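Below: the structure, in structure tokens.
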Amino acid sequence: MTLEKPQPRRLTILGSTGSIGVNTLDVVNQLGGREAFEIGALTGNGNIELLAEQARTIGAKLAVTADESQYMTLKDALAGSGVDVAAGRSGLEEAASLDADWVMAAIVGTAGLGPTLTAAARGADIALANKECLVSAGQLFVEAVKAGGGRLIPVDSEHSAIFQCLDNSQRPALERIILTASGGPFRTFTREQMAGVTAATARTHPNWSMGLKISVGSASMFNKALEMVEAKHLFDVAPEQIEVVVHPQSIVHSMVGYSDGSVIAQLGAPDMRTAIGYALTYPKRPALNVDRLDFTKLSRLDFEAPDETRFPALRLARTALTRGGLQAAVMNAAEETAFNAFVEERIGFLDMADIVEAVMERLIDCGAASTIAEVFAADAEARQVAGEIIAADEKTA
Ligand SMILES: NC(=O)c1ccc[n+]([C@@H]2O[C@H](COP(=O)([O-])OP(=O)(O)OC[C@H]3O[C@@H](n4cnc5c(N)ncnc54)[C@H](OP(=O)(O)O)[C@@H]3O)[C@@H](O)[C@H]2O)c1
């Protein structure tokens with residue numbers, strides 16, 4: 001089979017040292033590396049050694065650490081390499097502003113929103129792994145990409161699957177999109193069992209190898225909650241058109257249902273490089289060295305309804321979608337704050353959802369945003385309220 005080689009293009013990877021970033025560089029290398037692509041910027045935060053090694057190996061123009069205190073360490077590590085170095089928020093902005101025509105948005109959390117918007121505004125194609133951009137800024141983010149003139153290509157495996165299955169010429173017949181969820185490591189746990197789990201156990205995903213935040217989010221199903229909001233904005237569907245089904249094998253990555261009863265699914269091994277490769281070469285498909293499914297060895301594919309009592313995150317996402325406006329931004333910021341407190345062992349696993357719900361109720365009148373500044377303000381307020389609730393709970397404990 002001969003597939004067309006990708007055109008030489010200029011790439012930037014925001015979050016190159018993370019799980020998605022490392023997989024993106026692997027795909028880039030599989031498709032020809034520095035012979036086929038020019039690398040503008042690579043960015044990381046704390047993993048300076050890896051960032052420097054990546055930048056040297058791929059010949060990046062610029063390497064950026066988000067952590068200003070690490071500037072000199074990164075500069076020393078790249079001395080004599082010809083790679084420029086920057087740090088902090090302004091460094092991330094510089095990275096996003098470089099003239100790359102394709103930008104992988106793979107910084108974890110709301111920290112990714114600012115630089116991704118900068119890249120979108122100058123018209124880069126955005127390969128979107130960072131789901132918080134859409135969850136927090138919603139339509140404002142979609143409009144920013146449109147206004148810049150670039151394309152928005154989903155990387156989350158579920159949204160990539162839907163993107164691959166959705167035939168826009170059949171749009172009037174689109175009935176529903178069905179997000180699959182593995183159910184995470186606690187799929188069969190009782191609430192009592194879940195109450196005692198630690199971040200170390202919560203991060204051990206049964207099928208996927210991912211960063212800490214998304215792994216814990218898979219265990220609590222907050223990751224799926226964020227994906228429901230992401231799906232609404234990416235595919236312009238009503239909340240009631242979004243379904244979630246638990247599929248423990250993570251083989252069916254998501255599905256699209258039409259008015260004639262047909263359901264189109266995308267399947268593959270649980271390996272993010274397929275979705276990343278698709279985003280990199282879209283609308284073509286790359287030739288990738290990833291595992292192929294052997295259907296004769298797949299003994300079964302199971303599907304079950306999610307349990308919203310044990311996993312209240314899904315219910316909270318529906319509430320946020322129904323309320324609209326800034327409620328999803330509030331949910332996201334509260335969840336990030338609660339996640340940090342859980343990892344620091346200040347709160348328990350089940351407390352995360354309780355805190356998010358309490359913040360959403362407290363900020364029920366947060367309204368809608370007409371500017372990104374209003375999104376950041378709602379985000380900051382939700383973090384503050386979540387922090388106060390956590391501190392108050394610690395006092396009474
Ligand atoms: N992993 C997956 O399979 C997967 C699948 C779908 C979607 N996603 C989404 O993709 C995003 C990245 O996920 P991941 O699993 O790759 O995360 P990760 O492994 O934790 O990597 C996060 C990246 O962001 C950097 N970073 C951390 N804090 C930062 C900050 N304050 N400012 C700027 N950069 C910062 C990290 O740098 P250092 O490592 O140098 O500290 C790293 O490069 C998330 O939004 C996640 O939900 C991930």
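Show me 269-277, 281-289 ranked by packing, highest mean number of other Cβ atoms within 10 Å first.
My ranking of the peptides, most packed first, is 269-277, 281-289.
Taking amide H positions as placed 1.01 Å from N in the peptide plane, with prolines and chain starts having none, which residues 5 or more places from LEU78, or on another chain, fall under 5 Å of its amide H?
none
Please report the antiparallel percentage of the DSSP beta bridges confined to the chain, to the nearest 5.
Of those bridges, close to 30 percent are antiparallel.
What nm distance separates the two modelled labels at ARG292 and ARG171, each placed 7 Å from Cα along Cα→Cβ?
It works out to 3.6 nm between the two label points.
When the label point is put 7 Å from the Cα of ASP101 along its Cα-to-beta-carbon vector, which residues of segment 137-164 have a backbone N closer than 17 Å?
148-153
Reachable lysines from LYS131, Cα under 19 Å, same-chain residues fewer than 8 places away excluded?
Correct list for LYS131: LYS146, LYS213, LYS224, LYS232.
Considering only protein heavy atoms, what per residue accessible area in square angstrom results for segment 8-57 with a 1.4 angstrom probe?
On a per-residue basis, segment 8-57 sits at 39 Å².
Before rounding to the nearest 500, sum -39500 (n - 2.57) across all DSSP H runs of length at least 4 in the chain and divide by the residue total; then give [θ] at 222 nm in deg cm²/dmol.
Taking each H run of at least 4 residues, the total per residue is -14000 deg cm²/dmol.
Which of the aspartates and glutamates could a cross-linker bridge to LYS284, judged by Cα under 14 Å and excluding same-chain residues fewer than eight apart?
Answer for LYS284, where 14 Å is the Cα cut-off: GLU4, listed by chain and number.
Report the extension gain between ALA391 and SER90 in nm, rounded to one decimal, defined as 0.36 nm multiplied by the number of residues separating them, less their alpha carbon distance.
Stretched fully, the ALA391-SER90 segment lengthens by 105.2 nm.
Express the accessible area of segment 296-397 per residue in Å², computed with a 1.4 Å probe while the remaining protein chains stay in the model.
Using a 1.4 Å probe on heavy atoms only, each residue of segment 296-397 averages 49 Å².
Which log10 I(q)/I(0) values does the chain give at q = 0.08, 0.12, 0.15 Å⁻¹ under the Debye formula, counting every alpha carbon as one identical point scatterer?
So the normalised log intensities work out to -0.41, -0.96, -1.49.
Can you give me the Cα centroid spacing of segment 70-125 and segment 151-207 in angstrom?
Rounded to whole Å, the Cα centres lie 28 Å apart.
Give me the one-decimal nm value for the distance between modelled label points at ALA200 and ASP260, 7 Å along each residue's Cα-to-Cβ direction.
Distance between the two pseudo-spin positions: 5.5 nm.
Please report the carbon-and-sulfur percent of the accessible area for the chain; probe 1.4 Å, protein heavy atoms only, DNA, RNA and ligands left out.
Result for the chain: 50 percent of the exposed heavy-atom area is carbon or sulfur.
In whole angstrom, how far apart do the alpha carbon centroids of segment 269-331 and segment 343-397 sit?
Segment 269-331 and segment 343-397 have Cα centres spaced 25 Å from each other.
May I ask for the net charge around LEU113, where only other residues with Cβ less than 9 Å from the Cβ of LEU113 are counted and Lys, Arg are +1 while Asp, Glu are -1?
Summing Lys and Arg as +1 and Asp and Glu as -1 gives -2.
Test of understanding: given the chain, find the longest segment containing no GluC sites (Glu not before Pro) that are in a DSSP loop and have at most 10 other Cβ atoms within 10 Å.
Looking at the chain, 5-343 is the longest stretch - no exposed GluC sites (Glu not before Pro) with at most 10 other Cβ atoms within 10 Å.
Please give me the summed charge of the neighbours of GLU381: other residues whose Cβ is under 14 Å from its Cβ, Lys and Arg +1, Asp and Glu -1.
After counting each charged neighbour, the total is -4.
Please turn the phi angles of segment 365-381 into ³J(HN,Hα) values with the Karplus equation 6.51 cos²θ - 1.76 cosθ + 1.60 (θ = phi - 60°), one per residue in order, whole Hz, x for glycine and proline.
9, 6, x, 10, 9, 10, 9, 5, 4, 5, 5, 4, 5, 5, 4, 5, 5
The values are calculated or read from the model by the stated rules, or taken from the named source; none is laboratory data. What you are looking at is a predicted structure, and each value in this text was computed from that prediction instead of being measured. Note that each Cβ is placed from the backbone with ideal geometry, even for glycine, and that neighbours are counted across all protein chains shown. Note: accessible area is taken over every heavy atom of the protein model, side chains too, but ligands, DNA and RNA are not part of it. Shrake-Rupley method; radii C 1.70, N 1.55, O 1.52, S 1.80 Å.
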